[in-house]
Amino acid sequence: QKEVEQNSGPLSVPEGAIASLNCTYSDRGSQSFFWYRQYSGKSPELIMSIYSNGDKEDGRFTAQLNKASQYVSLLIRDSQPSDSATYLCAVLSYGGSQGNLIFGKGTKLSVKP
Amino acid sequence: KAGVTQTPRYLIKTRGQQVTLSCSPISGHRSVSWYQQTPGQGLQFLFEYFSETQRNKGNFPGRFSGRQFSNSRSEMNVSTLELGDSALYLCASSLGKGWLNPPSFGQGTRLTVV
């Protein structure tokens with residue numbers, strides 16, 4: 001059974017701080033990794049994708065991937081109250097198609113003003 | 001460009017009834033996948049269609065079925081509804097080729113079974 005694990009939270013950080021969200025996955029053959037943000041009552045929205053080991057930066061967001069440790073993380077710098085949402089880690093396994101992502105249950109982030 | 005459109009947005013059904021949900025993908029996207037989201041289980045994959053063929057299927061009972069039409073629009077059907085089927089049903093579309101194009105989600109259909 002392929003699994004993606006995330007701390008459910010809630011993770012609470014003060015405004016302006018760095019929020020660190022973590023994700024581990026069980027399938028060593030996984031090849032694509034995504035972070036989705038989901039506001040309460042809304043659908044998931046893609047915010048980051050990463051495919052190779054190392055860091056990938058996009059604005060205030062940095063995704064980190066370590067395939068040897070089967071670990072993906074998302075850093076949010078200068079956190080804002082508008083970043084308060086549930087963050088979902090999603091993994092595409094080798095041989096899987098784009099439509100068949102395996103999701104973690106999400107980490108709820110709360111940014112306090 | 002228009003996003004993924006799901007209809008209806010909200011549904012209330014009675015136990016034992018059946019329901020059909022509809023999804024129109026982003027123009028040019030040939031893959032449509034369906035997910036069920038509940039507070040306890042999170043996002044769970046139901047099935048994926050590509051060019052009118054079911055390409056992958058999750059671990060759900062046969063009461064859950066789907067299809068895709070030649071214009072890539074997709075429908076999902078749940079028969080003999082149970083209380084536990086109450087959930088947010090999300091449709092996502094993608095180009096369907098390679099592994100560099102993640103799916104985009106529609107706004108979902110909130111199904112309540114009473």
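What follows draws every value from the coordinates through simple rules; no lab data is involved. Given the structure is predicted, the values throughout are model-derived calculations rather than measurements. Every residue, glycine as well, gets a Cβ built from its backbone with ideal geometry; the counts of neighbours run over all protein chains shown.
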Considering every residue within region A:49-71, establish whether at least one is free of Cβ contacts under 8 Å to residues at least 24 places away in the same chain, within 14 Å of chain B (Cβ to nearest Cβ) and under 11 Å from the mean Cα position of the chain (by Cα). yes
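I need a count of the residues in region B:40-89 that are in contact with a Pro (Cβ under 8 Å, 6 or more places away or on another chain) and over 16 Å from B:Thr20 (Cβ atoms). Walk me through it before giving the result.
First, pick out the residues of region B:40-89 that are in contact with a Pro (Cβ under 8 Å, 6 or more places away or on another chain): B:43, B:72-74.
Applying the additional criterion that residues be over 16 Å from B:Thr20 (Cβ atoms) yields B:43, B:72.
Residues flagged as in contact with a Pro (Cβ under 8 Å, 6 or more places away or on another chain) and over 16 Å from B:Thr20 (Cβ atoms) within region B:40-89 amount to 2.
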Condition check: among the aromatic types (Phe, Trp, Tyr), surrounded by fewer than 21 Cβ atoms within 10 Å (Cβ to Cβ) and under 27 Å from B:Arg110 (Cβ atoms). Does A:Tyr39 satisfy that? yes
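Out of curiosity, is B:Gly16 in contact (Cβ under 8 Å) with a residue 60 or more places away in the chain, within 25 Å of A:Gly104 (Cα to Cα) and not in a strand (DSSP E or B)?
No; evaluated as a whole, the condition is false for this residue.
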Across region B:42-100, the tally of residues that are within 20 Å of A:Ile102 (Cα to Cα) and either in a strand (DSSP E or B) or β-branched (Val, Ile, Thr) (or both) stands at 25
Restricting attention to region B:21-55, and to residues there that are under 11 Å from the mean Cα position of the chain (by Cα) and hydrophobic (A, V, I, L, M, F, W, C), which single residue is farthest from the other protein chains (Cβ to nearest Cβ)? B:Leu21
